[in-house]
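What follows is a single structure, written as structure tokens, with notes after it.
The values are calculated or read from the model by the stated rules, or taken from the named source; none is laboratory data. All of these numbers come straight from a predicted model, not from anything done at the bench. Don't worry about glycine lacking a Cβ; one is built from the backbone with ideal geometry, like all the others, and counts go over all protein chains shown.
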Amino acid sequence: MTHHTDDSTATAAHVTDPVCGMLIDPDTAAATREHDGTTFYFCSLGCAKTFDADPHRYGHSHP
Ligand SMILES: [Zn+2]
Ligand SMILES: [Zn+2]
């Protein structure tokens, strides 16, 4: 009667695709971009291209 099925820590931390908001695993990301020293992960090349067009529009702001 234990509830030990929550093994979310067993997998790598998931990240959010800033363009579509999808939760993805960095290991299986279709594309990545480095911007301002931060790595962003995308579910598809399409999202990465959208990010390329205007990085600061998608969940990324500068101080
Ligand atoms: Zn920036
Ligand atoms: Zn996406």
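Results, tabulated for the structure shown:
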quantity	calculated
Segment 10-22, residues that are part of a loop (DSSP other than H, G, I, E, B), under 8 Å from the mean Cα position of the chain (by Cα) and more than 9 Å from ligand 2 (Cβ to nearest atom)	His14
Subset of segment 35-55 (residues that are under 17 Å from His14 (Cα atoms) and part of a strand (DSSP E or B))	Thr38, Thr39, Phe40, Tyr41, Phe42
One residue from Asp25, Asp52, Asp36 being in contact with a His (Cβ under 7 Å, 6 or more places away or on another chain) and either more than 12 Å from ligand 2 (Cβ to nearest atom) or of a type in the set (Gly, Ala, Ser) (or both)	Asp25
Residues being more than 16 Å from ligand 1 (Cβ to nearest atom) and either in contact (Cβ under 8 Å) with a residue 24 or more places away in the chain or crowded, with 18+ Cβ neighbours inside 10 Å (or both) - total across segment 23-40	2
Matching residues, segment 35-51, being modelled with pLDDT of 95 or more and over 9 Å from the mean Cα position of the chain (by Cα)	Ser44, Leu45, Gly46, Cys47, Ala48, Lys49, Thr50, Phe51
